[in-house]
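*Asks:* Quick one: this structure, given as structure tokens, is what I'll be asking you about.
The values are calculated or read from the model by the stated rules, or taken from the named source; none is laboratory data. This one's a predicted model, so the numbers in the text were calculated from it and none came from an experiment. All Cβ positions, even for glycine, are placed from backbone atoms using ideal geometry, and neighbour counts span all protein chains on display. For the accessible areas, the whole protein counts, side chains as well, though only heavy atoms, and no ligand, DNA or RNA atoms are used. Shrake-Rupley method; radii C 1.70, N 1.55, O 1.52, S 1.80 Å.
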Amino acid sequence: MDYSALANLLFPDITKTIADYEKQYPPRNLPEGAVVTRIAPSPTGFVHLGNLYNAIGERLAHQTGGVFYLRIEDTDQKREVAGAVEAVIDAMNFYGVHFDEGVTKDGESGAYGPYRQRQRRELYQTVAKSLVLRGLAYPCFCTEEDLSAMHEAQEAAKENYGYYGKYAVWRDRPIEDIQSELEKGTEWVLRFRSEGDANQMIPVLDGIRGELKVQENYTDFVLLKSDGIPTYHFAHVCDDHFMRTTHVIRDESWLATLPIHVQLFDTLGWQRPVYCHTATLMKMDGSSKRKLSKRKDPELALSYYHEVGYPQEATWLYLLTVLNSNFEEWHLANPDADSREFTFSLEKMSTSGSLFDLEKLDNISKEYLSRQSAEFVYDGLLAWALHYDAALADRMTKKPDFFKAAINVGRGGEKPRKDYGNWKDAAAFLSFYDAETFALVDECPERADGSMRNEILNRYLDTLSFADTQEEWFAKVKELTEELGYAAQPKKYKKNPELYKGSIVDVTNLLRVALTGRQNAPDIREISQVLGEAETRRRLSAYRN
Ligand code: GLU
């Protein structure tokens, strides 16, 4: 076969060579050990947690003086959604992930572009042509029907699926046959001619998993689709080579096709990048583990965390806890350090189904928020409210000091309160402070209801003085508790319930419901200070029956 004739027949317009691109994209001039990595999302409009997860590469790049870039894998035009690129950039920006080069909102930056795959057609075709010239790629004119017949035959014969061996019907066809199909205008794809042996295992070093042994690829997989657009396999090899990527951090679902990728790198004589396959995010569904699903689990979308309002750093703390076996320990030792100070290493990343658990995220986030200043919480809540709760944002901007005082209740000290881990919960939790959103949620505690309700409230109103210290306040509450026939210590009541109407817990819970609408609320006196005397008295009086 005259490969040169075939190459010119298939790619008459391609005049460049691989050498031209090697010159155009020289090796990067970076310090020894610098990591060059990227995220390479498809612009489908769905930015998922995995994108953020793999953006962990940014830390690796920046820890080593390397480069982190954004490539857009837009070869599947059908799945493309308008605004998707902006959505990725915004989401990454929100989480403090910064790209050194690649696609930007208004174009792109960097010397290794274009960074959108659709604009790299000539490069892929040049590499494809070079493979044809070497006798390592050929056109295949099989129709969909031909391929499904092949699949059925393989199924019936219990043989491996794929285009190989006797099933690779276009592999050794004479050039005349090819020419005649081309003249007829028959659609074709370009296939790789694999010399791989199914019985051969080849070693691949995975940055996270260590040395893997993968089965050598023996199928003649597709390099270019019928529209001349490359498959992911071919495109990412060309791109990661010419963009001088050192580490490919991607989901473990790509492990299955890893043999194809290393075969391409090796055939082209290019140095393989360090592949790093991150563990798929899983969740418990009843008693079994399953993959997070786009359809069933809203928490797979990154937008979920924005909507519910998890602070960025708390989300990172959580992700790092799940992803890196040595992070939790580091964080415990350095609770106030920014997670970016943690030295991230691939070897410590989990290798199998990371269990994703929203409750754990919530707890980490509650802990995190409990250690922040009222100012910080106010700013975060307001930023969230501006997106999702205009009425709250409006009230907050009108009364910033009031909201900050409310947020400050139970903050600081040895054991700060951990009432909320996200802005949505914070909004709900804080709603009782503002007279406009105050609502009675819980019932009056039973043992403080009936005729006692007014007695307690009246007595409390009579003795209440805003000048009292915490001790004075508490002494008065105890006094009225006992005078009205309640036990000042819950223990006493438990021992001899027949001697009392109830205990101090019933009394204070009544006051809590009157003031906050709920039985479970922060310190009564502190809350009253925030509400002010007039509002405190108004709520207590209004709760009388
Ligand atoms: N476009 C691929 C994806 O979104 C990228 C995988 C990779 O990082 O190479 O899964």
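So that you can scan it fast, the table gives a plain yes or no per residue for (1) at pLDDT 95 or above; (2) closer than 30 Å to Phe46 by Cα; (3) out of contact with any Asp or Glu (no Cβ under 8 Å at 6 or more places or on another chain); (4) open to solvent by 30 Å² or more (accessible area, probe 1.4 Å):
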| site | (1), (2), (3), (4) |
| --- | --- |
| Ala84 | no, yes, yes, no |
| Phe94 | no, yes, yes, yes |
| Tyr115 | yes, yes, no, no |
| Arg120 | yes, yes, no, no |
| Ala156 | yes, no, yes, yes |
| Asn160 | no, no, yes, yes |
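*Asks:* Checking Gly286 against (1) under 13 Å from the mean Cα position of the chain (by Cα); (2) farther than 28 Å from Thr64 by Cα; (3) away from the ligand (no atom under 16 Å from the Cβ); (4) not acidic (Asp, Glu): exactly one of these is not met. Which one?
*Replies:* Answer for Gly286: the failing condition is (1).
*Asks:* Does segment 40-51 contain at least one residue that is of a type in the set (Phe, Trp, Tyr) and touching a Phe, Trp or Tyr at 6+ places or on another chain (Cβ under 8 Å)?
*Replies:* no
*Asks:* Give the residues of segment 526-541 that are over 10 Å from Val409 (Cα atoms) and surrounded by fewer than 19 Cβ atoms within 10 Å (Cβ to Cβ), sorted by residue number.
*Replies:* Gly532, Glu533, Ala534, Glu535, Arg537, Arg538, Ser541
*Asks:* Another one. From the list Leu182, Leu205, exactly one residue is in contact (Cβ under 8 Å) with a residue 60 or more places away in the chain, open to solvent by 20 Å² or more (accessible area, probe 1.4 Å) and within 20 Å of Tyr275 (Cβ to Cβ). Which is it?
*Replies:* Just a single option satisfies the conditions, and that option is Leu205.
*Asks:* Scan segment 30-47 and tell me whether some residue there is in a helix (DSSP H, G or I) and either open to solvent by 60 Å² or more (accessible area, probe 1.4 Å) or within 16 Å of the ligand (Cβ to nearest atom) (or both).
*Replies:* no
*Asks:* Among the residues of segment 396-430, what is the count of those that are hydroxyl-bearing (Ser, Thr, Tyr) and open to solvent by less than 70 Å² (accessible area, probe 1.4 Å)?
*Replies:* Going through segment 396-430 one residue at a time, the tally reaches 1.
*Asks:* Additional query: Can you find, within segment 211-233, the residue that is nearest to the ligand (Cβ to nearest atom) among those that are closer than 28 Å to Ser350 by Cα and either in contact with a strand residue (DSSP E or B) (Cβ under 6 Å, 6 or more places away or on another chain) or without any contact (Cβ under 8 Å) to a residue 60 or more places away in the chain (or both)?
*Replies:* His233
*Asks:* I want to confirm something. Restricting to segment 241-281 and keeping residues that are away from the ligand (no atom under 13 Å from the Cβ) and of a type in the set (Gly, Ala, Ser), which single residue is nearest to Thr37 (Cα to Cα)?
*Replies:* Ala279
*Asks:* Scanning segment 185-202 for residues that are among the aliphatic types (A, V, I, L, M), out of contact with any Leu (no Cβ under 7 Å at 6 or more places or on another chain) and over 30 Å from Ala61 (Cβ atoms), which turns out least open to solvent (accessible area, probe 1.4 Å)?
*Replies:* Ala198
*Asks:* When only residues in segment 475-502 that are farther than 24 Å from Ser465 by Cβ and in contact (Cβ under 8 Å) with a residue 24 or more places away in the chain count, which is most open to solvent (accessible area, probe 1.4 Å)?
*Replies:* Among residues in segment 475-502 that are farther than 24 Å from Ser465 by Cβ and in contact (Cβ under 8 Å) with a residue 24 or more places away in the chain, the one most open to solvent (accessible area, probe 1.4 Å) is Lys501.
*Asks:* Further question: Check segment 457-471 and report whether any residue there is open to solvent by 20 Å² or more (accessible area, probe 1.4 Å), free of Cβ contacts under 8 Å to residues at least 12 places away in the same chain and over 50 Å from the mean Cα position of the chain (by Cα).
*Replies:* Yes.
*Asks:* Inside segment 54-82, can you point out the residues that are open to solvent by 10 Å² or more (accessible area, probe 1.4 Å), within 11 Å of the ligand (Cβ to nearest atom) and not in a loop (DSSP other than H, G, I, E, B)?
*Replies:* Answer for segment 54-82, where residues must be open to solvent by 10 Å² or more (accessible area, probe 1.4 Å), within 11 Å of the ligand (Cβ to nearest atom) and not in a loop (DSSP other than H, G, I, E, B): Asn54, Arg79.
*Asks:* Select, from Ala393, Ala383, the only residue that is more than 14 Å from Ala314 (Cα to Cα), open to solvent by less than 20 Å² (accessible area, probe 1.4 Å) and either at pLDDT below 95 or in a helix (DSSP H, G or I) (or both).
*Replies:* Ala393
*Asks:* If you don't mind, another one. Which is in contact with a Lys or Arg (Cβ under 8 Å, 6 or more places away or on another chain), of a type in the set (A, V, I, L, M) and under 26 Å from Ser303 (Cβ atoms), of Val88, Val103, Val97?
*Replies:* Val103
*Asks:* Restricting to segment 337-380, give me the number of residues that are open to solvent by less than 70 Å² (accessible area, probe 1.4 Å), hydroxyl-bearing (Ser, Thr, Tyr) and under 30 Å from Ile249 (Cβ atoms).
*Replies:* Total satisfying the criteria: 7.
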